[in-house]
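To keep things clear, I will list the structure first and then write my remarks on it.
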Amino acid sequence: MNEDRIQNILATLGRVKKGAVDAFGEGKEDHRAALKRGFENQGIETDSTMIDQMMGSNATVTRTRELLGMANPEQVAARKSMGLGLSDDKATRIGQVLGTLGSDVVQDRGRSIWWLLNAPQATAQVLNDVALKKHAPDLFKTDVVPGVNSHGAAVTTDLVDRESGITRKGVTQRKVQDGKLPSGEPKFRNEYRKRRYEPGLVDALAIPAGIAVNSSIGLLNPFGGQEGYKAVFEDENDASKTSNVLGEVAAKYILGKTGNLLPWDEFKQVRPDVSKGEYMAYKAFKFDNDFDANPMDGDLVGPAGVIKYTDEGIHGPEVQFLGRSLPIATGIMPTAAAIAGTAYGARRGGPKGGLVGGLLSTGAAMLTGNVIEGERRRRNAEENETDTMYQ
């Protein structure tokens, strides 16, 4: 009896080990291929949103969804067809979970999600993608090409190269069941699908949100820093001007790098609306990474200072993400408007409508935000002047 129990335990551990080894050995490319197959089964263009691509090919995420009963059935079927599905055997499944967690560390799958979101521009692009997928889903769909299959109807050369059999750009094919053979076995045909829009045109819909974010954090000025800030490559006679335009553009566009605040004596010349006390308080806020969840003091600081908020910054109320300032009026409001306008325009007019709608919304929101900020600065400058007169 004891010997049988030991054998059962060893057999169970063996199945756990096998599940763990198999899952640990799976690569990102395996799950990307399964995701693509699942998209094809759903009739969705395989070049879907960035977040869908990342989450859908992340084994930790997909298996968690499957365990919770939240996974898309066609994606589950696609993984099973490639040998990547969760086992029906409980011990093997436990091993698969353990192996998946281990491979997540080795293959940086969890950290890749953070890497996708670790800049304001990237986060805005992901949010833009999500909005487009929700409100303009046609951008990511494919259509069945009617009358084109392997049972007689001619396959036109704009779909498939006749000599090599390779599908043309934007065309995918899959085998679908089409009745039965005389033997009773299922008969299949090739179904061709063509995507509705080119991925490059869809990607261009990130332009409006990119303009809004980059403008708010000071990346669109090739000649120096934004008002009150140094250039990345400071001119020796004026730190707010650049000594290297090409270097300035490269540092901002490639590295997302911006200059620091000007020293107070120089800063006050261009920002008379800010008092020295406000300037010093803002500098202290920028370097304060101590967790603060009390909204009553006007500041909020997330863990390690990754994200922060103040209602009294030198740009008015603002959010800081990884040290980048996103003022509510001139940063977040235009970005939100860009995303909403792009999604609405794309829903009604495809990529062209999305780009037009996004740019118009961005321009209107930036103009409104600048008016709001200009009025705030005007009032603050008058208050500072009055305070100086009575000191």
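For GLU29 and ALA122, the FRET efficiency from 1/(1 + (r/R0)^6), where r spans their Cβ atoms and R0 equals 25 Å, is about 0.65.
Would you mind getting the accessible area per residue of the stretch 175-245, heavy atoms of the protein chains only, 1.4 Å probe, in Å²?
Working: 3950 Å² over 71 residues.
About 56 Å² of surface per residue is accessible.
Surface composition of the stretch 40-96: carbon plus sulfur atoms hold 55% of the accessible area, using a 1.4 angstrom probe and ignoring ligands, DNA and RNA. Each helix, a run of at least 4 DSSP H residues, gives -39500 (n - 2.57); summed and divided by the residues of the chain, these come to -17500 deg cm²/dmol at 222 nm. The stretch 242-294 gives an Rg/Rh value of 1.10, both radii derived from C-alpha positions and Rh following Kirkwood.
Positive-end ranking of SER81, ALA136, LEU98 along the dipole of the chain, with charges on Cβ about the Cα centre, is headed by SER81.
The modelled label-to-label distance between GLU375 and MET70, using points 7 Å beyond Cα along the C-beta direction, is 4.2 nm. When the Cα positions of LEU359, ASN294, GLY323 are compared along the charge dipole of the stretch 266-365, LEU359 comes out farthest toward the positive end, with charges on each C-beta of Lys, Arg, Asp and Glu. Calculated on the alpha-carbon coordinates, the convex hull of the stretch 253-376 measures out at 143 cubic angstrom per residue.
The 1.4 Å probe gives accessible areas that order THR64, THR92, largest first, as THR64, THR92. In this rough spin-label picture, where each label sits 7 Å from Cα along the Cβ direction, the ALA284-VAL130 distance is 3.5 nm.
Protein heavy-atom surface of the stretch 322-391, 1.4 angstrom probe: 61% of the accessible area is carbon and sulfur, with nucleic acids and ligands not counted.
A convex hull fitted around the alpha carbon atoms of the stretch 167-241 yields 143 Å³ per residue.
What's the longest uninterrupted piece of the chain once you rule out the GluC sites (Glu not before Pro) that are loop residues per DSSP with at most 16 other Cβ within 10 Å?
1-162
Rg and Dmax, both from the Cα atoms of the stretch 202-286 and both in Å, are 14.3, 47. Set against the labelled values [x] 142; [y] 217; [z] 244, volume of the Cα convex hull per residue in Å³ computed from this structure falls on [y].
Calculate, in whole percent, how much of the Cα-Cα pair population of the stretch 168-317 lies beyond 26 Å. Looking at the stretch 168-317, the distances longer than 26 Å represent 53 percent of pairs. A Gaussian network model of the chain, with springs between Cα atoms under 10 Å, assigns the largest mean-square fluctuation among ALA124, ALA281, ALA340 to ALA281.
Of all the accessible heavy-atom surface of the stretch 246-303, with the other protein chains kept in place and a 1.4 Å probe, what percent is carbon and sulfur? Ligands and nucleic acids excluded, carbon and sulfur reach 61 percent. Just GLY358, GLY83, GLY277 to compare: in a GNM of the chain, with alpha carbon springs under 10 Å, which one fluctuates most? Taking springs between Cα atoms under 10 Å, the residue moving most is GLY277.
Looking at the stretch 272-391, the accessible area is 56 square angstrom per residue; that uses a 1.4 Å probe and ignores ligands, DNA and RNA.
The values are calculated or read from the model by the stated rules, or taken from the named source; none is laboratory data. What you see is a predicted model, and the numbers here were worked out from it, not measured in a lab. We place every Cβ from the backbone using ideal geometry, glycine too, and count neighbours over all the protein chains shown. Please note that ligands, DNA and RNA were not included when accessible areas were found on the heavy atoms of the full protein model with its side chains. Shrake-Rupley method; radii C 1.70, N 1.55, O 1.52, S 1.80 Å.
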